[in-house]
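A short write-up of the structure that comes next.
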Amino acid sequence: MTNRKYRDPARPLAALLAVALAIAMSACGSSNKNSSSGSSGTTTSSSSSSQPGKGKPAVTIGDKNFTEQYVLGELYAQALRAKGYTVKIKSNIGSSEIIDKALTSGKLDLYPEYTGVILSELAHATKRPGSPDEAYAKAKQFEEGRGFTMLDKTPFFDSDALAVKPDFATKNSLASVADLKKLGSSLRLGAPPEFKTRFEGLIGLKKSYGVTPAFKPLAIGLQYKALDTGKIDVADVFTTDGQLQNGKYTVLKDPKFIFGFQNVAPIVSKKTLSAQGPEFADTLNAVSAKLTTEAMQKMNAAVDLDKQKPAAVAKQFLQANGLL
Amino acid sequence: MIIADTVIPNFGGGAHSCVRENRGFCWSWVQDNWNSVLWPAVRQHVELTAIAIVIGFVIAFWLALLAHRRRGLEAPITVSTGVLYTIPSLALFQILVGFSFLGLNRLTVEIALVSYTLLILFRNTLEGLRSVPADVREAALGMGLTRRQVLTRVELPLALPAIVAGLRIATVTVISLATVAAFIDDEGLGSPIFRAIQSNVFKTELFAAGGLAVILALLADGLLVLAQRLVTPWARRQRA
Amino acid sequence: MKPVLNGFPWIGHHLSLVFDKLGVHLLIAGIALAVAIAIALPIGVWLGHVHRGSFAAINISNVGRALPSLAVIAIAIGIVGLGRNTLILALVVLAAPVVLTNAYVAVDTVDRDVVDAARGMGLRDRDVLWRVELPLALPLLFAGIRTAAVYVVATVPLGALTGTDGGLGDIIVNQASYRLEGVVGAAICVAALAIVIDALFAGVQRISTPRGLRGQIDFAAVQTAAAGNPQEEGTPP
């Protein structure tokens, strides 16, 4: 077997070229379809004459993998675009640790997070806040300690809550979470897997209320069906879920606030804020101010139950409130 | 400054009752959302797959050529591509995102997808090259062909069936994995699937997106079967 | 890089969790495999015995292999709703084809001379199947089961993405609770599990081969033939 090279240099070069071409194709082709609904880079607003966003660097907003987040992402993005900002959305991010890492490593500029989640999952705070304002203040303090900050919080808070079917509630005389204790471990509770290891979850239930149910992991969005079909007795729901609007389910009170306070506030890096100018924060704060619990429930319902698109729902809401 | 009360518009609830009641399959939803949801997802899925296969093939082909010349390389290449292949995709996607220079985007997805194609394409190509009988090679050399000409005119054509077979497996594997990629990059047919599961288990979207992925995979497989037949005219003659 | 390396020690620190999830993982995989075999094996064996339906029997595994797993699960959820049984149903759909095809080919390609000789000796049809064809078909038959088993084990984690138990997949999708170390650790477990299952069934293949044939059968070639083409392994999603 001779050692003579049979390949001329053209072959590996050609291969390299093909690879480079393909990578270039893929990088250019990577478009996010969620950012192309309704309003694009061009403004659609008639009332606002100022375009503070023009000329500023592009901003990437992230949102997690459930309806409320899709809506929030769209609300913020569309409001910004109306003021001339260039916004991309990275939607449907499947893991909250991934989204936070993406933020801290600069892959995202902003994403809407829940104050309580920041405290328990990111700051690993041991002392539980006593009020929404305290929760927000502590979360903001934490974020500022690592180069980020939080914009204004929304009026609504989307905490976890436990919901049961009304007849189950009447049958077992349930009004608050504490009443679940008597059902012991015959109680079947359905919740996302993270519920098991969170204080705003099984741990807090056990510690503060002495409630020890049998745990059935479910993805977010599947709990109502599971309740309806009797697969579980009590579900971990969110207080702004669209399904809760019409009294179909009974939400149990949480007098000890183990589920904390979960107002939403956009986390954004200080660098981004200074690069984008003061109107950036103002635009976002104007949106947040309008988000009441009822508004959020109705928007979530429109997406989850009526299958409207988050982008369309966000657009309608912004228009109705003069923000677009 | 007085902030006006929130106005909640009537969102219309304009959805077809079929959609609202989540009945089996609502054709109206498919029609309404083809251009905005389904077709873009299909297009992205095809793009993701095509790019992964092209890049994966280029790399694997080159590796196979190397291993064909130097037998000692086969084992390490097989082992390393094999390790990549065995890592569950959900984990590989997340590990890649952990690297600071990789984002939640197509590049990260493609790196993972390409990794999964390497073992299959490498082994099939190498097998194909090896399947050329030694005496055929010797005869060609004897006829005065250079090493390179032996490769391009004798070995590769005879290896084509195995190569195309490998492409076939790799393609359907990538199509399947690309649905999972939506976990970190909201593209491809996995995206509507995840959203549908999350959004009150919306059946129509599940059937539509899932069905399209199945059709896409079967179509790709079928096309490659045809390609396989085309590159083996002698087998065709045998069958006749 | 550090979280990746820490995957191994993570396993050591979370053994009880890992075993819990492993148990569920094997349960789901086991049921799915058993059902797939129960359905597909008899059909494939019978078709091979009567030498009929070759086109369908041979090609069904190609179709099966092409099916994107998440899509099949999604469609199953649409039909049946969410839950563990839906995942099992989807896994059966994904695993059965390769079992069927291998069973068919295994019985169909038993040396005709041997079969004819058996018939010539006066064996009834049923005995020809049970005492001649099946024993000779076992290696290829088990090869198909082996491929299916590895495939099922590797696909169970998708359950965690689709609203039900995913065995070790529960950890892999839950980076928020278990951190990247946990994700990597669980992934290592899944990979290891697939390798172990593969080796186990390879052993079964060997044991099931009639002693007289053991020396003559190239098991590697049988396994790859089972997969249907030059080279293939089982672990994808």
Which one of the conditions (1) at pLDDT 90 or above; (2) within 14 Å of chain B (Cβ to nearest Cβ) does A:VAL211 fail to meet, given that it meets all the rest?
-> (2)
Going through (1) modelled with pLDDT under 85; (2) more than 18 Å from the chain's Cα centre (by Cα) one by one, A:GLU121 fails only at (2)
Name the residue, out of B:THR152, B:THR204, B:THR171, B:THR179, that is assigned to a helix (DSSP H, G or I) and touching a Cys at 6+ places or on another chain (Cβ under 8 Å).
-> B:THR204
When residues of the stretch A:119-138 are limited to those that are within 13 Å of another protein chain (Cβ to nearest Cβ) and not acidic (Asp, Glu), the one farthest from A:ILE89 (Cα to Cα) = A:HIS124
Of all residues in the stretch B:160-211, which are surrounded by fewer than 24 Cβ atoms within 10 Å (Cβ to Cβ), touching a Leu at 6+ places or on another chain (Cβ under 7 Å), at the interface with chain A (Cβ under 10 Å from one of its Cβ atoms) and of a type in the set (Val, Ile, Thr)?
-> B:VAL201
From the list A:GLN319, A:GLN308, which residue is out of contact with any Lys or Arg (no Cβ under 9 Å at 6 or more places or on another chain), in a helix (DSSP H, G or I) and surrounded by fewer than 24 Cβ atoms within 10 Å (Cβ to Cβ)?
-> A:GLN319
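Considering C:ALA186, C:ALA106, C:ALA154, C:ALA148, which residue is surrounded by 24 or more Cβ atoms within 10 Å (Cβ to Cβ), of a type outside the set (D, E, K, R), modelled with pLDDT of 90 or more and over 30 Å from C:LEU82 (Cα atoms)?
Values: C:ALA186 fails: over 30 Å from C:LEU82 (Cα atoms); C:ALA154 fails: over 30 Å from C:LEU82 (Cα atoms); C:ALA148 fails: over 30 Å from C:LEU82 (Cα atoms).
Answer to the check: C:ALA106.
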Test: residue in the stretch B:98-114 that is facing chain C (nearest Cβ under 10 Å), surrounded by 21 or more Cβ atoms within 10 Å (Cβ to Cβ), assigned to a helix (DSSP H, G or I) and touching a residue at least 60 places away in the same chain (Cβ under 8 Å) = no
Would you be able to say whether some residue in the stretch A:182-200 is at pLDDT below 85 and among the hydroxyl-bearing types (Ser, Thr, Tyr)?
-> yes
Residue identified as free of Cβ contacts under 8 Å to residues at least 24 places away in the same chain and not in a helix (DSSP H, G or I) among C:GLY167, C:GLY122 | C:GLY122
What is the number of the single condition among (1) away from chain A (no Cβ under 12 Å); (2) outside any helix (DSSP H, G or I); (3) not basic (Lys, Arg) that C:THR147 does not meet?
-> (2)
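Quick grid of which residues meet (1) in a helix (DSSP H, G or I); (2) in contact with a His (Cβ under 9 Å, 6 or more places away or on another chain); (3) within 14 Å of chain B (Cβ to nearest Cβ):
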position	(1), (2), (3)
C:PRO42	yes, no, no
C:GLY48	yes, no, no
C:ILE58	yes, no, yes
C:ASN62	yes, no, yes
C:ILE79	yes, no, yes
C:LEU82	no, no, yes
C:THR86	yes, no, yes
C:LEU89	yes, no, yes
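Take the residues in the stretch A:233-268 that are within 30 Å of A:ILE89 (Cα to Cα) and of a type in the set (Phe, Trp, Tyr); name whichever of them is nearest to the chain's Cα centre (by Cα). Lay out the reasoning, then the answer.
Just the residues of the stretch A:233-268 that are within 30 Å of A:ILE89 (Cα to Cα), to begin with: A:236-245, A:259-268.
Filter once more, keeping what is of a type in the set (Phe, Trp, Tyr): A:238, A:259, A:261.
Values: A:PHE238: 12, A:PHE259: 16, A:PHE261: 15 Å.
Looking at the filtered set, the residue picked out is A:PHE238.
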Restricting the stretch C:64-77 to residues that are farther than 14 Å from C:GLY163 by Cβ, touching a residue at least 24 places away in the same chain (Cβ under 8 Å) and in contact with a Leu (Cβ under 7 Å, 6 or more places away or on another chain), the residue that is farthest from the other protein chains (Cβ to nearest Cβ) = C:GLY64
In the stretch A:190-232, residue nearest to B:ARG195 (Cα to Cα) [restricted to those that are more than 18 Å from the chain's Cα centre (by Cα) and of a type in the set (Phe, Trp, Tyr)] = A:TYR224
On the given criteria, is C:ALA96 buried (at least 21 other Cβ atoms within 10 Å of the Cβ), within 29 Å of A:LEU218 (Cβ to Cβ), within 14 Å of chain B (Cβ to nearest Cβ) and not polar (S, T, N, Q)?
-> no
Of all residues in the stretch B:17-47, how many are farther than 14 Å from A:LYS309 by Cα and not basic (Lys, Arg)?
-> 18
Looking at the stretch B:71-78, is at least one residue surrounded by 20 or more Cβ atoms within 10 Å (Cβ to Cβ), in contact (Cβ under 8 Å) with a residue 24 or more places away in the chain and of a type in the set (Ser, Thr, Tyr)?
-> no
Examine the stretch A:269-282 for a residue that is under 14 Å from A:ASP158 (Cβ atoms) and over 20 Å from the mean Cα position of the chain (by Cα), and state whether such a residue exists.
-> no
Inspect the stretch C:36-44 for any residue being surrounded by fewer than 15 Cβ atoms within 10 Å (Cβ to Cβ), modelled with pLDDT of 95 or more and under 30 Å from C:ALA191 (Cβ atoms) and give the result as yes or no.
-> yes
Among the residues listed as A:ALA169, A:ALA178, A:ALA235, A:ALA265, the single one being over 26 Å from A:ARG128 (Cα atoms) and either touching a residue at least 12 places away in the same chain (Cβ under 8 Å) or assigned to a strand (DSSP E or B) (or both) = A:ALA169
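The values are calculated or read from the model by the stated rules, or taken from the named source; none is laboratory data. As the structure is a computational prediction, the values presented were derived from the model and not from experiment. Note that we place each Cβ from the backbone using ideal geometry, even for glycine, and neighbour counts take in every protein chain shown.
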